[in-house]
Amino acid sequence: MNTDFAYQTALDLSRAIAARQVSPVELMQACLARIEQIDPKLNCFASYTPELALEAARRAEQALMSGQPLGPLHGLPISVKDLIAVKDLRYTFGSRAMADNVAGADAPSVERIRAAGACIIGKSTTSEFGCKAVGDSPLSGITRNPWNTGTTPGGSSAGAAASVAAGLTPFALGTDGGGSIRIPAALCGLFGIKAQFGRVPVYPVSATPTLAHVGPLARTVRDAALLLSVISGQDDRDPFSVAGPVPDYLGACERPVKGLRIAWSRTLGYARPDPEVADIAQRAALRFAEMGCEVVEVEQVMAQDPVDLWTSEFYAGVGVRLKKQLMEQRDLLDPAVADILGQALAQTSEAYYTRVFQRYELRETMRKFFERFDLLLTPALPCAAFEVGLNTPPQLPDRNIVSWVYYTYPFNLTGQPAASVPAGFTRAGLPVGLQMVARMHHETDIFRAAAALEACQPWAEKKPPISS
């Protein structure tokens, strides 16, 4: 097998390790060498732990050589976003106010990847408490996009996406409370999915417990399916976690898509996308008609932009968690984050619960919508990657630090499975994502469709300039 492991798939590496064609230690050494070479240009890691990674790789190699049963991720390098707890590692949430915090236990997703044999290389960067859709924080600084280092990789799973796009690891664990997996997946040319709400248990309790998801970012659909299959499943520590069998995500990738009923919406009824980006997404969506699907254009999916419902819930939760810091250490916080948290905390209980009930109305609207369709396709974002250091795209000055994303946060409010799939590239060579939204509990339809699109317009062989 080729010993240049960058950009090889997790599935190929897993098979090669099981066949003793690849040494987990050799793989990890190559991964760490590539990080040392490339990460100074990107800044993907909030905490980088090469010694612990090599120790884990040695244990994986010993288990392999002694004939022990191997897990599905055995010997594979992976990073974990710094909003997810990894025992004995810094757990900073991208905040100077939490710079010395250390996790006392693993999150369920981390327990599961360890048990499956993965080797954690460190904690990836995030915007502060996941509150911005770009990739910078006061603690870790600016994370950059491998396709153009002058642009943002998106957020808040910034380091996770940038590292996978740059070939530093085959996949990574991110989180998504308003699009924080799908946003950087779109801007970095990856497949990223948040499964059904509660499919992957979240613990310790999130500051946004009714919105938060943990999920994979990967260069291929099947690599994401592999990782999601490991981290999915009920856990008593998360009262929202979904009981019952875990869907067969990998098996779904082999199923045909002919006959799927698909809605395509350019704006959801309110978004203002860049025409070039929307056209690229639309061309990808219309490929499904060529594959035997029914594709119907639906301009007005929602009566109005639900951003106020999302903002009320998300920022009020984070604001309550950070109230002491807002009162006593405001200078340590990202000014844009501090401002919007203060606004959310100022809302009355009546205003808050009015929006809670409006959220239930939105869920019912979407339930009825999906009586007619299996999938809803939209642009994942209204634009391609823009200049680092900015909180919002220059062409959308009236939107705030998350409201500019338009397409992603509605489906945290509804809890439905949603993913971003590479759709193509702009004339400037920047990736564009196509969002896929499925009916409740039907992630398998996303994997069917995403794998079919990947087969008819492959993207994984396209590598960003920084890869060389």
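Miscellaneous remarks
- Just one of the listed residues (165, 161, 118, 107) is surrounded by 24 or more Cβ atoms within 10 Å (Cβ to Cβ), under 18 Å from residue 200 (Cβ atoms) and in contact with a Cys (Cβ under 6 Å, 6 or more places away or on another chain), namely 161.
- Search result, residues across region 316-351 that are surrounded by 12 or more Cβ atoms within 10 Å (Cβ to Cβ), farther than 16 Å from residue 97 by Cα and among the polar types (S, T, N, Q): 343, 347
- Residues that are in a helix (DSSP H, G or I) and either touching a helix residue (DSSP H, G or I) at 6+ places or on another chain (Cβ under 7 Å) or aromatic (Phe, Trp, Tyr) (or both) within region 324-352 comprise 325, 326, 330, 332, 337, 338, 340, 341, 342, 344, 345, 352, listed in sequence order.
- Residues located in region 87-121, provided they are assigned to a loop (DSSP other than H, G, I, E, B) and in contact with a Phe, Trp or Tyr (Cβ under 8 Å, 6 or more places away or on another chain): 93, 94, 95, 101, 103, 107
- In region 274-292, the residue that is surrounded by the most Cβ atoms within 10 Å (Cβ to Cβ) out of those that are in contact with a helix residue (DSSP H, G or I) (Cβ under 8 Å, 6 or more places away or on another chain) and not aliphatic (A, V, I, L, M) is 288.
- Restricting attention to region 373-398 and to residues that are more than 17 Å from residue 276 (Cβ to Cβ) and touching a Phe, Trp or Tyr at 6+ places or on another chain (Cβ under 8 Å), the residue that is surrounded by the fewest Cβ atoms within 10 Å (Cβ to Cβ) turns out to be 392.
- Some residue of region 400-413 being within 19 Å of residue 256 (Cα to Cα) and of a type in the set (A, V, I, L, M, F, W, C): no
- Hits in region 279-302 - residues which are more than 26 Å from residue 363 (Cβ to Cβ), touching a residue at least 12 places away in the same chain (Cβ under 8 Å) and not acidic (Asp, Glu): 280, 282, 283, 284, 286, 287, 291, 292
- Of all the residues in region 341-391, those that are within 21 Å of residue 298 (Cα to Cα) and among the small types (Gly, Ala, Ser) number 1.
- Of the set (1) surrounded by fewer than 18 Cβ atoms within 10 Å (Cβ to Cβ); (2) more than 25 Å from the chain's Cα centre (by Cα); (3) more than 29 Å from residue 392 (Cα to Cα); (4) not aromatic (Phe, Trp, Tyr), all apply to residue 354 but (3).
- Selection from region 122-139 of residues that are in a strand (DSSP E or B) and not hydroxyl-bearing (Ser, Thr, Tyr): 122, 123, 136
- Answer from 18, 53, 57 - the residue that is of a type in the set (Gly, Ala, Ser), crowded, with 21+ Cβ neighbours inside 10 Å and over 18 Å from residue 164 (Cα atoms): 57
- Residues that are under 26 Å from residue 18 (Cα atoms) and hydroxyl-bearing (Ser, Thr, Tyr) within region 64-115 comprise 66, 79, 109, listed in sequence order.
- Entry remark, region 413-440: residues being surrounded by fewer than 18 Cβ atoms within 10 Å (Cβ to Cβ) and closer than 29 Å to residue 317 by Cα number 1 in total.
- Hits in region 398-415 (condition: polar (S, T, N, Q) and either part of a strand (DSSP E or B) or farther than 14 Å from residue 192 by Cα (or both)): 400, 403, 412, 414
- Pairs where the first residue, in region 212-230, is more than 23 Å from residue 414 (Cα to Cα) and the second is in a strand (DSSP E or B) and not aliphatic (A, V, I, L, M), C-beta under 7 Å, 6+ apart: 218/171; 218/191; 220/191; 221/191; 223/171; 227/171; 227/216
- Boolean, residue 173 is assigned to a loop (DSSP other than H, G, I, E, B), among the aliphatic types (A, V, I, L, M) and closer than 23 Å to residue 28 by Cα: no
- The condition (being farther than 30 Å from residue 211 by Cβ, touching a helix residue (DSSP H, G or I) at 6+ places or on another chain (Cβ under 6 Å) and not basic (Lys, Arg)) is satisfied by just one residue among 57, 30, 19, 10: 57.
Every number in this text was worked out from the coordinates using simple rules, so none of it is lab data. Because the structure is predicted, anything quoted here is derived from the model rather than measured. Note that we place each Cβ from the backbone using ideal geometry, even for glycine, and neighbour counts take in every protein chain shown.
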